[in-house]
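S.K.: Handing you a structure now.
The values are calculated or read from the model by the stated rules, or taken from the named source; none is laboratory data. Note that the structure is predicted; figures quoted are calculated from it, not measured. All Cβ positions, glycine included, derive from the backbone under ideal geometry; neighbour counts span all protein chains shown. Ligands, DNA and RNA are excluded from the accessible area calculation, which covers all protein heavy atoms including side chains. Shrake-Rupley method; radii C 1.70, N 1.55, O 1.52, S 1.80 Å.
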Amino acid sequence: MVTEMLALTVLLYFLLFIFDIKPLYKKKLWADFWVNVTLTGISFTVAVLLCLKVKIPSPELPICELITSIFGK
Amino acid sequence: MRKEQIIDKEAICLLISFIIGSTLIVGVSGSSKNDAWLSSITGFVMAVPVLLIYSRILTLYPQKDLFDILTLVIGKIAGKFVTVVYTLYAFHLGSLVLRNFGEFMNSFAMPETPMIIPLVAMGMVCIIAARLGVEVLGRTTTYFLPGIFLILLIVQLLALPQLHINYLKPVLGNGITPVLKDGYSAFAFPFAETVVFMGVFDALKTPKSPKKVYFLGVVIAAAIITITTVRNIAVLGNMLGSFYFPSYEAVSRISIGNVIERIEITVSFVFVFGVFVKTSVCMMVAGKGIEKLLNLKSYRSIIIQIGVLMILFAQIIYDNIMQMRLWAFKVYPYYAFPMQVILPVIIWIIAEIKNRKIRKMYSNADQKAEDQQ
């Protein structure tokens, strides 16, 4: 199951690379290209981690703790 | 490239769908029990001053969006910092709304399907809408909203036999404090969330109309939310707070002659449409924020990645539905306060001072020119 999910993710990101990132490279929109590549890198990493069933810490818990410590429950 | 423009009617429809979107199904906070309808009115009353501030800021800088205004008002560096804050807020809000939808699908509509599937399906539609722009989204909403109103009206009428108006009594039986607390929660979610619209209302065709748009949109949405809450209380009574999705439960009890039953799908339809509009707007604003922050050519070139990140973030943000409710009603109002109230007030005050100075300068220059003549 994990392998199939990983394969699907890689395939989807490959398609994204062809249809979303490559045109920016061809048009020489460098700022857009690099931002897109960075965001793709982050999202690809998170997607792969999710496929491998790694528990990614949510930012919601620390915010929740901070607010309840200030205002009470 | 031609600048996108929306007329007031489209903007009002967008605002209504944005506000009623997730609130109609998640409901207002349930701690005020049978006074929940009063808390939605209280929330609206609390929201009026901030709405005035949002519309005033937009009127002072016509044809400019939130991020342009930030740079103009508080300078380049501070402006960039606040842009980051608003971009993250829009991104987070979009993820929260997507997650609401995912939880709804997971607990009622498709319990055996993994949550990522509805999230991806909805996320893809939102990415397409955000990529097409606010003009297309505005027109789509204008076409769909009458249908949504019709559905809401028919469901209200069909619910009439199930209503127990005595459930609404005693009014203010638990005192005013729970109503005010829930009112504040209703203020933050959904009324003051309209701060996100400052990022797209640069597209308004008439530069002087933000006040009218904000007010009409929010008044209509508040009326719909209040009427729906009254119906939910009159059907469910004091149990309102014990359901995750009260509207869905209330409508599922409709049964007319054992023929018209199971019409809760109508609630899902309204919810899906609301989530679509809300997430698309948030996505667009997050994209515009990054565009202005990093001087990109267009937010469209990165919108797919923002959407994908939003979907993934929605997947990891909560562990379960109880956490979602705790966050939405207890934590979110405090978390969102700086973005919804403090920053807009600061921006408004500085903008007013700057505007006055500029006006004074111009009037002095005119005076000098007249004296010379």
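S.K.: Which pairs in the list B:LYS64/B:LYS211; B:LYS80/B:LYS360; B:LYS80/B:LYS205; B:LYS76/B:LYS360 are over 21 Å apart, alpha-carbon to alpha-carbon?
M.R.: B:LYS80/B:LYS360; B:LYS80/B:LYS205; B:LYS76/B:LYS360
S.K.: How much of the calculated P(r) for the stretch B:1-152 lies past 22 Å, in percent of all Cα pairs?
M.R.: Looking at the stretch B:1-152, the distances longer than 22 Å represent 58 percent of pairs.
S.K.: How long are the three semi-axes of the equivalent ellipsoid for the stretch B:68-205, computed from the Cα gyration tensor as the root of 5 times each eigenvalue, in whole Å, largest first?
M.R.: 33, 24, 18
S.K.: Taking the Cα atoms only, what angle lies between the long axis of helix B:303-316 and the longest principal axis of chain B, rounded to 10 degrees?
M.R.: 40
S.K.: Would you be so kind as to list the residues of the stretch A:20-34 that have their accessible area lowered by at least 50 Å² in the full protein complex compared with their chain by itself (1.4 Å probe)?
M.R.: Buried by the other chains: A:ASP20, A:ASP32.
S.K.: In degrees between 0 and 90, to the nearest 10, how far off the longest principal axis of chain B does helix B:134-158 point, with axes built from Cα atoms?
M.R.: So the inclination is approximately 30 degrees.
S.K.: Starting from the Cα of B:THR59, step 7 Å along the direction of its Cβ; do the same at B:PHE269; then give the gap between the two resulting points in nm.
M.R.: Here the modelled spin labels are 3.9 nm apart.
S.K.: How long, wide and thick is the stretch B:287-337, going by the Cα atoms along their three principal axes, in whole angstroms, largest first?
M.R.: 41, 24, 11
S.K.: What's the total accessible area buried between chains A and B, using a 1.4 Å probe, rounded to the nearest 100 Å²?
M.R.: 2300
S.K.: What shape does chain A have by the C-alpha gyration tensor, where a ≥ b ≥ c are the square roots of the eigenvalues, rounded means a/c under 1.5, and otherwise prolate means a/b greater than b/c and oblate the rest?
M.R.: Here chain A falls in the oblate category.
S.K.: Another one. Which ³J(HN,Hα) values, rounded to whole Hz and listed in residue order, are derived for the stretch B:273-278 from phi using the Karplus coefficients 6.51, -1.76 and 1.60 in 6.51 cos²θ - 1.76 cosθ + 1.60 with θ = phi - 60°, glycine and proline given as x?
M.R.: 5, x, 4, 4, 5, 5
S.K.: Per residue, how large is the accessible surface of chain B? Use a 1.4 angstrom probe and give square angstrom.
M.R.: 42
S.K.: Mind listing the Cα extents of the protein assembly as shown along all three principal axes, in Å, largest one first?
M.R.: Principal extents (largest minus smallest coordinate, Cα): 82, 64, 46 Å.
S.K.: Between the stretch B:69-108 and the stretch B:278-295, what is the separation of their alpha carbon centroids in Å?
M.R.: One Cα centre to the other: 8 Å.
S.K.: Grab the beta carbon distance between B:ILE117 and B:ILE342, set R0 = 45 Å, and tell me the FRET efficiency rounded to 0.05.
M.R.: 0.70
S.K.: With r defined as the distance between the Cβ atoms of B:MET361 and B:PHE81 and R0 fixed at 30 Å, what FRET efficiency is calculated, to the nearest 0.05?
M.R.: 0.60
S.K.: Hey, could you grab the Kirkwood Rh for chain B? Inverse mean 1/r over distinct alpha carbon pairs, Å, one decimal.
M.R.: Its Kirkwood hydrodynamic radius stands at 21.4 Å.
S.K.: Which shape class, rounded, prolate or oblate, goes with the stretch B:65-132 when its Cα gyration tensor gives a ≥ b ≥ c as root eigenvalues, a/c under 1.5 marks rounded, and past that a/b bigger than b/c marks prolate?
M.R.: Prolate, because a/c is 1.5 or more and a/b exceeds b/c.
S.K.: Can I ask one more? Using a cut-off of 29 Å between alpha-carbon atoms, which lysines can reach B:LYS33, once sequence neighbours fewer than 8 places away in the same chain are excluded?
M.R.: A:LYS73, B:LYS169, B:LYS181, B:LYS278, B:LYS330
S.K.: Over its Cα atoms, what ratio of radius of gyration to 2.2 N^0.38 Å does the stretch B:108-151 give?
M.R.: Expressed relative to 2.2 N^0.38 Å, the Cα Rg reads 1.48.
S.K.: Right, something else. Under 14 Å from the Cα of B:LYS3, which aspartates and glutamates turn up, not counting those fewer than eight places away in the same chain?
M.R.: Within the straight-line cut-off, B:LYS3 pairs with B:ASP65, B:GLU135, B:ASP202.
S.K.: Got a number for carbon plus sulfur as a percent of the stretch B:5-100's accessible area, 1.4 Å probe?
M.R.: Here it works out to 73 percent.
S.K.: Test of understanding: what is the full-extension gain from B:GLN373 to B:PHE149, defined as 0.36 nm times their sequence separation minus their Cα-Cα distance?
M.R.: Gain in length upon complete extension: 74.5 nm.
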